[in-house]
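This report concerns only the one structure given below.
Every number here is computed from the coordinates shown, using simple stated rules; none is lab data. This structure is a prediction, so every number in the text was calculated from the model and none was measured. Here the Cβ positions follow ideal geometry from the backbone for every residue, glycine too, while neighbour counts run over all protein chains shown.
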Amino acid sequence: MTNRISSPPFGAVTKDELDRASEVRRAEIHRRVNLLTARETEVFALVVTGMLNKQSAAALGIGEKTVKVHRARVMEKMRAGSVAELVRLADEAGVTGLPGGNGLVQQARVSDGHALRVEN
């Protein structure tokens, strides 16, 4: 009788493979975040918290049209087809908004500790 080593069924994915794929995806998202300019990063932090363009413009002291331009560039650089997808990317990257006392986002953080600041 031969001694056979049991292997996972064909097509089965191990937890290690899933973890590695997730790690690679997060690294890719962080690479995309690092492509953003400082202003795009500020707009990104506000958009993913659900702020409207008008609210973001007021918080940043810029025009609404300027926010729209930055938002479009963020969507392009992050390769997001919708705001919902952008929020999912932010969630996967560990970008979280921290509400300030006036209800506006003061700061957001990426899971690697990099702070995304929005000054009022």
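Data for the structure
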{"item": "Paramagnetic reach from Arg88 (point 7 Å along Cα→Cβ, amide N under 19 Å) across region 17-36", "result": "18-33"}
{"item": "Rounded to whole Hz, the Karplus (6.51, -1.76, 1.60) HN-Hα couplings of region 65-77, x for glycine and proline", "result": "4, 5, 4, 4, 5, 5, 4, 4, 5, 4, 4, 5, 5"}
